[in-house]
Each structure stands twice: as structure tokens, then as C-alpha cells.
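These notes are about the structure you will find just below.
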Amino acid sequence: MRKLELHWQILIGMLLGLLFGFGMTFLSGGAAFVNDWINPIGTIFVKLLKLIAIPLILASLVKGISDLKDISKFRDIGLRTIVIYVATTVVAITIGLLLVNLLKPGNGIGEDTIAKLTETYGGDSGVTAKLEEASRQKDSGPLQFLEDIVPDNAFAALSDNALMLQVIFFTIFLGISMLLIGEERSKPLKDFFDALNEVVLKMVDLIMLTAPVAVFALLANVVVSSGDPDLLVALLKYAGVVVLGLSLMIVFYSVVVSVFTRYNPFNFLSKISPAQLLAFSTSSSAATLPVTMERVEEHIGVHKEVSSFVLPVGATINMDGTSLYQGVAAVFISQALGFDLTFGDQLTIVLTALLASIGSAAVPGAGMVMLVIVLESIGFPPDKLAIGLALIFAVDRPLDMCRTVVNVTGDACVSMMVAKSVGKLGKPRVKHWDDHYHKVK
């Protein structure tokens, strides 16, 4: 009997998790059972992925730079990566604004629904925390993001997944310095990172063996903690606009891949589908990064010199799905609360959402912090910010799951475009967890 491919195994796990979660919501104590006995399995899985994210970035980026043997090639990769990421983010925000202005989901929200949502979520600790974090970020200086990129302690940066840009900066600095001292002197260190890279990739393979069970646990927990179904239905039109926009971005990526790389778009989506499904389950680009790198390198054929830079940078600054969501959410909230937006305000949304996406944490919920910054940039009344967040808080988690899928797909798409432009898109080199098992059993 032929073994099911990984993406089918994960998809079955997701469907079973959704069904199990729905079933447990109707049982007395079902939610508590899922939280106590099922959810920890998913939590452990996400922790394992985050555990290897930093070592993978460190090892693969050093290997990628040292293999180039020419700093000018790395400069070309870096410039093309940033330009393409900025361009795709602008496209995402524009799609979101066009849809929300055309379909006007905020006009269908009644005052009773607004009052109920405000009462339910207005004082929620999650909403309060997002407002406080946005206020802290807003008070920082214009070049604060540049300060934040440069670490003052490499080991502190390596110990915190939230400091991914600092890790990338240190790793690039280390890799370039290795090139400058010559191949002979840097060889021992290069051999170490080459071996570390192979070991961490093997860890990815082993962790992925548990992926179907893990996504079952993650999805079951999402369902039993989803909140008031009536409020979810009231926000269905808004959620539908966001999902439609995100779907159009997937179509956009597929067309770009087909046109610029001559790669079959359906094959592209099939190859990265395990990463997409994990992004949906975990709502975290950072947690999904090891799997994204493995799929892009081994199953699509992007060389490590490209993927090791483009994908970690993308997990941090490429928030196409999140930026699209911010555009839709900002206009939706304004429509629902009767705050008129001018054309200039909407251009401000594009610019602010673009800037806010750079350096945003690649973790669940970061989009709402960015949304507060966007709302404040267009002069939204401060006393209504909590009400605005409360309007969308009920559906934020499922939409966060969807937009993370788009973020990860965008990362993979851009890595292929950059690789094709510098001649680093080759044949897939698939590896399996048991390739060397016969040597140690």
C-alpha cells in the first residue's frame, strides 16, 4: 500500500481535529478535556519547531554565504529580496483596500452587534495588551527599527525567537567575515556549520513525523476556544472579505511563479502545502520557517545560498497576508463606527501598513498591534480604538491562521523569483528522515 504524502496526512489530521473539536464543544467538560489533554501535544510540536528555528537560520545562512565565495552575489540577492518583498506587500494592501471599499462589510454591522462585541471583548486582556504594545512602538524613534536590528549580545539574540532580525544580522556579519579571512582559515568553522545544518534539517524531518497528530491537537483547541458562535456569524461578511483577498493573493503568487520562473503553479502549491498547512495550524511564520526552508530547498530546488537569506528575512518583514488584513480591518472598523476615510487616508493606510510590517514579530496576534498603528496614522479617535479592536477580536484567530498561510506562500514565491534571477533555481534534492538509518540500526 502506497504511503500517503505528507500534505495529505496533515490535511486528514486537520479535518479530524476540526470534527473532534466541534464534537467536544457539545459535551460537558469537553473544552477542558481538550485544553488539558489534547492541546499540550500541539504546543509541544510548535515548541520543537521554534526550538530549531534559530539554529537552522544560523547554520544555513552561514553555509549559504560561505558557499557564495563572492560578496557581490550576496548583495544582489539582498537587494532583489527587499525590493520584491516591498512590491508584493503593496499589491496585498491594494487588493485588500479595493475589496473592502467595493463590498463595504462594515455597513452591515448593526449598533446592537457593536454593543455586544464591545461588551464581550472591549475589556479583554488581549485587546488591552495590543493597545499597550502599539503605544510603545509608536513612541519609539523613526530609526528605532535599525537600532533593533543590531544586537549588543549575540548570545542573547540567539536565545530569543522574537529577535530574528538580530540573528540574521549577526549571521550575515559572521558569514561575510568568514569570506574575508579566506577559505583555508575559515574551513574548520565552515565544516562545523555545514554539519550543524545537516543535523538540524534531520531534526526537521523527525519533527514532521508527528505533524498530523500535532495539527489535530492544534485545530481541536482552536475550535473549542472559538468563542460566541452568534458573534462569529455577525462578522461573517467581514471575514469573507479578508479570506477572499487572501485567496486572490495566493492566485497572484501562482501567476507570478508561472510567469517569472516557468514553474507549474499547481506543482508549486503542492510542494509547499505542508508548510501552508502548518502555517494555518500554528498561526506563526517563525514556527513554520524550518518546514518552509525544507520544502523550498529539497522539494522545489531553490539553492541554500538564496533560501537561507530570503526565507528568514521573509518570516520577519514579509507580512503580505497581515498587511492585506490590516487594510481591510482598518476600513471595516471605520465603516462600522461611522468614521469617514478620504482617499489620502487610504494612501496613508498603504504606507503605514507597509512600514509596520517591517520588523513585526512573526508570531500569533502581531497583526492587531500593527492594526492599531495603522488606525492611529489616519486619525482614528483614540477613545474608540478599544471598540474597534473589539469588533474584530472574535474572528482574529481564524483569520490570523489564514493570513499566515499567505505570508508563508509569499516567502516561498519570492525565494523562487530571487533564485531564478540569480541562476540558483535547480532540481529538487529530496531527503528523508531514514536516509542513513541503515548505518546506525
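The values are calculated or read from the model by the stated rules, or taken from the named source; none is laboratory data. What you see is a predicted model; the values in this text were computed from it and never measured. Here Cβ is always computed from backbone atoms with ideal geometry, including for glycine, and neighbour counts include all displayed protein chains. These accessible areas exclude ligands, DNA and RNA; they are computed on the full protein's heavy atoms, side chains included. Shrake-Rupley method; radii C 1.70, N 1.55, O 1.52, S 1.80 Å.
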Pick out, from the range 23-122, the helices (runs of 4 or more DSSP H) lying fully within it that include 2 or more residues that are hydroxyl-bearing (Ser, Thr, Tyr) and open to solvent by less than 60 Å² (accessible area, probe 1.4 Å). 39-68, 71-103, 111-121
Determine if the range 327-350 includes at least one residue that is modelled with pLDDT under 90 and either within 18 Å of the chain's Cα centre (by Cα) or surrounded by 24 or more Cβ atoms within 10 Å (Cβ to Cβ) (or both). no
Does residue 415 satisfy the criteria of being small (Gly, Ala, Ser), farther than 30 Å from residue 238 by Cβ and in contact with a Lys or Arg (Cβ under 7 Å, 6 or more places away or on another chain)? no
In the range 430-437, is there at least one residue being surrounded by fewer than 16 Cβ atoms within 10 Å (Cβ to Cβ) and under 20 Å from residue 261 (Cβ atoms)? yes
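Residues 401, 416: which one is within 17 Å of residue 244 (Cα to Cα) and either polar (S, T, N, Q) or touching a residue at least 40 places away in the same chain (Cβ under 8 Å) (or both)? Before you say what the answer is, go through the steps one by one.
On the way: 416 fails: within 17 Å of residue 244 (Cα to Cα).
When all the criteria are applied, what remains is 401.
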Take the range 71-109 and flag every residue that is without any contact (Cβ under 8 Å) to a residue 24 or more places away in the chain and not β-branched (Val, Ile, Thr). 72, 75, 79, 87, 98, 102
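Quick test for you: out of 165, 146, pick the one residue that is exposed (fewer than 15 other Cβ atoms within 10 Å of the Cβ), aliphatic (A, V, I, L, M) and either in contact (Cβ under 8 Å) with a residue 40 or more places away in the chain or on the phi < 0 side of the Ramachandran plot (or both). Give the steps one after another, and end with the answer.
Values: 165 fails: exposed (fewer than 15 other Cβ atoms within 10 Å of the Cβ).
Among 165, 146, only 146 is exposed (fewer than 15 other Cβ atoms within 10 Å of the Cβ), aliphatic (A, V, I, L, M) and either in contact (Cβ under 8 Å) with a residue 40 or more places away in the chain or on the phi < 0 side of the Ramachandran plot (or both).
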When you scan the range 44-58, do you find a residue that is more than 14 Å from residue 415 (Cα to Cα), aromatic (Phe, Trp, Tyr) and out of contact with any Phe, Trp or Tyr (no Cβ under 6 Å at 6 or more places or on another chain), even just one? yes
Of all helices (runs of 4 or more DSSP H) fully inside the range 182-296, the set with 1 or more residues that are open to solvent by less than 50 Å² (accessible area, probe 1.4 Å) and at positive phi is none
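Checking the conditions here, which among 11, 15 is in contact (Cβ under 8 Å) with a residue 12 or more places away in the chain and open to solvent by 50 Å² or more (accessible area, probe 1.4 Å)? Spell out how you get there, then give the answer.
Working: 15 fails: in contact (Cβ under 8 Å) with a residue 12 or more places away in the chain.
Criteria check complete, one pass: 11.
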Of the residues that make up the range 136-143, is at least one under 25 Å from residue 379 (Cβ atoms) and either open to solvent by less than 60 Å² (accessible area, probe 1.4 Å) or at pLDDT 95 or above (or both)? yes
